[in-house]
Structures are given as structure tokens and as C-alpha cells.
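Note sheet for the following structure.
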Amino acid sequence: MGDSKFTKTIACIGAGYVGGPTMAMIALKCPQYKVVVVDINAERIDAWNSEKLPIYEPGLYETVAQARGRNLFFSTDVEQAIFESEIIFVSVNTPTKTFGQGAGKAADLQYWEKTARNIVKIAKTDKIIVEKSTLPVRTAQAMDRILNANDNGVHFEVLSNPEFLAEGTAIADLEKPDRVLVGSQTTELGLKARDELVQVYANWVDKERILTTNVWSAELSKLVANAFLAQRISSINSISALCEKTEADVTEVSRAIGMDTRIGSRFLNSSVGFGGSCFKKDILNLVYIADSYGLHEVARYWEGVVNMNEYQKCRFVDNMIKVMFNTVADKRIALFGFAFKADTGDTRESPSIDVARQLIEEHAGVVITDPQAIENAKTDLADCLGSVEFARDPYEAAKGAHAIAIMTEWDEYRKLDYEKIISQMERPAFLFDGRNILDHKKLFELGFNVFPLGQPSLKHYE
Ligand code: NAD
Ligand code: UGA
């Protein structure tokens, strides 16, 4: 099976933000395995095989470059990859359903199911199928039924191995994960498959960090991890609103509570709202699952996390309009950052999308700058390109602007020459710091009217 110079052949179906980086790391750490990443999107595969990878991620290019052509291969030949591999990771997308039952909440499993049916059609030998995508709890049961309803004597063992990497730090997260989670059936074949997957990770991850559970716990833990992380952000964002009314400072509150080791300091940065392709979708999925089991109180509890996030985004724009004398019509507003977080070009569910759209509705002249996300921003705002400008250079974006809104915590925005920037802006000049990353006092001294989140504003007028 596979090329004889390799001890194992591993395939990954889905060459996206998860499939590409995770397989590049396995290939880098395990030169004895052949790793083939396949996708139906030929353009994406071409990009993985080129000098300009399809996603921006610090350290990714270096990782791919070391293994590509040696034991890491990107291809559109899904069938060959299924045929030749012993382990198949599936990391296709699982977005929120937009139609039919569960629309707006449940996960759309059509890509997963198509993949499973493709595997059944092509496989001639037993295989381990690894759920890498984030899936609703008990999906493995459905997959097991689809996969093992064949009459050609092939056995498929389904494992759940959810991915916990965060964009922007994917390579560091993969190299030194907090934990790797492997869920399996407790049957003899299930445990054998589990041990085989554990062996793959044991090539570079400490054994104590490789956690094995039953398959349902692994599936559910992934949704719960994202829900808990997002809940911390919504919790601190709810407090930012209260700080603005009480002259408390949310960064001081974060620090004070985060030093309690039971609470911990991470993920307590107040922001214009969390974005990204997963938090909202995974929480809504959890909500849908809870409702479908009749656990409506549980569902409403987690739904509150998403509702608070929507509130935070609206609150940010409402405040901009209010302080800019109740109108932003024909005012030039520069959005600094469009990616959903720093160090990525990904804009999926970015709060910038909602903020830009609300400002456009108010007839503001929106100009967007971002070091990596301009192309994605153009796609996200394709229906209103006439009302928005794009500028790679933040100084250009701010020229003639009435206001700047910091939307993404890119390090370069901390280092800009704001004296030069304000000299080219309309007066009064407004700065809304949606990430609380700038030196507000200094900006105020330069002449800006500064509106941080959850902190007293600094104004040159009453
Ligand atoms: P993505 O959209 O970037 O990539 C998915 C890829 O799967 C696409 O390139 C698509 O063309 C391909 N695909 C779809 N159907 C296919 C098929 N039948 N055959 C071959 N290829 C097919 O998605 P992503 O961000 O990589 O997320 C994938 C999964 O991982 C999701 O379930 C997500 O929730 C989960 N996840 C994502 C992250 C993240 O940071 N993005 C982190 C952890 C988990
Ligand atoms: C998140 C999780 O952190 C990963 O563990 C998980 O694997 C992934 O989702 C997934 O399942 O897709 P990601 O969305 O890439 O990763 O990025 P995060 O660092 O979690 O940031 C999410 C959003 O929360 C960003 O918009 C970020 O700016 C925001 N955030 C984060 C805050 O507003 N405040 C914080 O304190 C931290």
C-alpha cells in the first residue's frame, strides 16, 4: 500500500485553514509518512503548490516548504488519495445550515456526508477515518452507518480528533498543542485505531498531552471549548458597556479578575466583538443540539453568548454615530483592519463586515485598510463596492478622514505616526479604538477625541 519508502500513507480531504497547516505539521514531524492533502477546489490546490499559499499564517510557508515534494503533496486527485491511504483525515467545511430544518443554527453536514460516500465508493481496504472538522456530537454514529453500510468487506473505524488551533498562531499551536484529543469507540477495533492515531502525534507531542476519550466526549468537547472561549469574550464585553456608564475601566477590571488564578488572564480582552468562522457557528450548533434534546434552558444560556456579541458590534457603531453629532453621512471613516483578528487574512464573520455595512447604510464614506485582508474584504462587500474604498496604506486611508476605527489588533497600528495621521484628517478628529490597543492619552494630546471600549472617553469638547 502506498510508496514503499514510506511506512504509512495519510490523506487529508479538505485543504483549508485546518487541513493545510495540520497536514504540513504532520509531514514535517513525520518524514517516514507520506501525507497527501486533497481538495475539489483546484485553485486552492494550485496555490498550495505555489510560492503564494492560499492562506496567510505566520511560519506556514517555511513549514510547507520543508516538507512539500518530500513527503507532503497537494493534489486534486481525491480518489487516488482515498485509495492509497491507511488513515484519512476529513477537514472539509461544516458551516451553519442556511436552508431547511435547523437553518441558521444546525451544522450543514452535506460536505462531510459527500466525502464519506466518496470514501465508501473508492476504498478497497480497511481505513481509519478521522473527523478533523468540527461536528455535532453523535455525528460519528451517522458516519459509521454510512461508511460501514457497504458489501465489499471493507471496515472503516471512525475517530474524532478535533482541531484546536487558532488562526494567526496555527503553526505554534500545532507544534506545541495544549492537548491533542482522540475520541474512539471502546471496541477492540476502536481502541486499535485510536492507538494508531496516538502514535502519529507521539512523533512530536508529549504522551501526557494526548488525551483519549470516548468518541462522543471528543466531539462535544470541541463545541464546548469554543463556547467557553467565546463566553469569556462576551462576558468581558458585557462589562465594557457597564464600565462606560460607571467610569470603571474594563482593562483594569480584566486585569484585576484575571489575576485570580481560578479565572486566568487570557481571553479577557474587550473588543468590538469576536469573529472568525467557528465561534458563532459552533455555539449556534450547540444551541441547536440542546434544543433538539428538549434542553431549552441550556440552549438559551449559550445563545446569550452570541446575542451579547451582536449587541457589542451594534453598540460600537451606535456610539460612533452618537458622538459624531448624530450623523456620519458623507463623513470619511477609515476602518483600520478588516481581518477578524491579527496575523491572518481571514475575514469570515469579522466584526468589520457588520460595522462597515452599518456605516455604509448611514451613508458614511467607508475606507478600509488591512495588511492581509483587502482581497477578502472586497469579496465580503462585493454588493456595495461603489460605497467603499480600499487602501493598503493606513496613512492613505486616514487622509481626509473624520474618524478612524481600530477594528483589528494588528501590531503595525500601534506603531503608526499618529501625529502625521491627524495632520491630514478633518477636525474634530475622532478615534474609536475597538481593540483598546493604542496609547489613548498620547492620542488625546495629539488632538484626537478618543473613544476606547469600556474606558472613559477623552474629548476636547464638552
Ligand atoms: P475551509 O473552508 O478553509 O476548508 C475546507 C475545504 O474543504 C475547502 O477548501 C473545500 O473546497 C474542501 N471541500 C469541501 N468539500 C469537499 C469534498 N467533498 N472533497 C474535497 N474537498 C472538499 O474550512 P476550515 O476553516 O479549514 O475548517 C474546516 C473544519 O475545521 C470546519 O469544521 C471548522 O469548524 C473546523 N475548524 C476550523 C478552524 C479554523 O481555525 N479555521 C479551527 C479548528 C477547527
Ligand atoms: C478559535 C479557538 O481559539 C481555537 O481554539 C479553535 O480551534 C478555533 O476557534 C476554531 O474552532 O475555529 P480562532 O477563531 O482562529 O480560534 O481565533 P481566536 O484567537 O479564538 O479569536 C476569535 C475571535 O475572538 C477574534 O475575533 C478575536 O479578536 C476575538 N477575541 C479573542 C477577543 O475579542 N478578545 C479576546 O480576549 C480574545
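Computed quantities for the displayed model
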{"item": "Value of relative contact order over the chain, rounded to a whole percent, pairs C-alpha under 8 Å and six or more apart", "result": "11"}
{"item": "For Gly16, net neighbour charge (Lys/Arg +1, Asp/Glu -1) across residues whose Cβ lies under 12 Å away", "result": "-2"}
{"item": "Three principal axis lengths of segment 333-395 [C-alpha, angstrom, descending]", "result": "30, 26, 15"}
{"item": "Spin-label model distance (nm) - Arg209 vs Lys442, 7 Å beyond Cα toward Cβ", "result": "3.5"}
{"item": "Set Lys114/Lys176; Lys34/Lys176; Lys222/Lys442; Lys280/Lys378 screened for pairs whose C-alpha atoms are more than 31 Å apart", "result": "Lys114/Lys176; Lys222/Lys442"}
{"item": "Total formal charge among the other residues, if their Cβ is under 10 angstrom from that of Trp204, Lys/Arg +1 and Asp/Glu -1", "result": "0"}
{"item": "Proxy reagent accessibility, fewest Cβ within 10 Å first, across Asp433, Asp206", "result": "Asp206, Asp433"}
{"item": "Three-way shape call for the chain based on the alpha-carbon gyration tensor, with the a/c threshold at 1.5", "result": "prolate"}
{"item": "Within-13-Å neighbourhood charge of Glu62 [Cβ basis; K, R +1; D, E -1]", "result": "-2"}
{"item": "The chain: antiparallel DSSP beta bridges as a percent of all, rounded to 5", "result": "5"}
{"item": "DSSP-loop GluC sites (Glu not before Pro) across segment 335-420, with at most 14 other Cβ within 10 angstrom", "result": "none"}
{"item": "Efficiency of FRET from Cβ geometry, Asp417 and Ala248, R₀ 51 Å, rounded to 0.05", "result": "0.95"}
{"item": "Built amide H within the under 5 Å cut-off of Phe336, gap 5+", "result": "Ala405, Ile406, Met407"}
{"item": "Bridge type composition, segment 8-205 - antiparallel percent by DSSP, nearest 5", "result": "10"}
{"item": "³J(HN,Hα) computed for each position of segment 15-25 - Karplus, 6.51 cos²θ - 1.76 cosθ + 1.60, integer Hz, glycine/proline x", "result": "9, x, 4, 9, x, x, x, 5, 6, 4, 5"}
{"item": "Cα centroid of segment 407-444 to Cα centroid of segment 53-69, whole Å", "result": "33"}
{"item": "Amide H within-cut-off set for Ala107, under 5 Å, with H built and near neighbours excluded", "result": "Lys97"}
{"item": "Calculated FRET efficiency for the pair Thr261/Glu396, C-beta based, R₀ 56 Å, to 0.05", "result": "0.75"}
{"item": "Global geometry of segment 8-205, whether rounded, prolate or oblate, following the gyration tensor of its Cα atoms and the 1.5 cut on a/c", "result": "rounded"}
{"item": "From phi via Karplus (6.51, -1.76, 1.60), per-residue ³J(HN,Hα) for segment 417-428 in Hz, x at Gly/Pro", "result": "8, 6, 5, 5, 4, 5, 5, 10, 9, 6, 10, x"}
{"item": "Distance between modelled label sites at Glu375 and Leu295, nm, 7 Å Cα→Cβ extension", "result": "4.2"}
{"item": "The chain: angle of helix 215-246 to the longest principal axis, Cα-based, in degrees nearest 10", "result": "10"}
{"item": "Nonlocal amide H pairs with Val366, under 5 Å, H built at 1.01 Å", "result": "Ile333, Glu389"}
{"item": "Rounded to 5, percent antiparallel among DSSP beta bridges of segment 215-462", "result": "5"}
{"item": "Shape call, segment 281-366: gyration tensor on alpha carbons, a/c limit 1.5", "result": "prolate"}
{"item": "Cα convex hull of segment 153-230, projected area averaged across orientations, nm²", "result": "6.0"}
{"item": "Whole-Hz ³J(HN,Hα) from phi, Karplus 6.51 cos²θ - 1.76 cosθ + 1.60, for segment 80-96, glycine and proline x", "result": "4, 5, 5, 4, 8, 9, 8, 10, 10, 7, 10, 10, 6, 6, 10, x, 5"}
{"item": "Stretch gain in nm, segment Gln199-Cys384, where the contour uses 0.36 nm per residue and the Cα spacing is subtracted", "result": "61.5 nm"}
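All of the numbers you see were taken from the coordinates with simple rules; none came from a lab. Keep in mind that what you see is a predicted model, and the values were worked out from it rather than measured. FYI the Cβ positions are ideal-geometry reconstructions off the backbone, even for glycines, and counts take in every protein chain you see.
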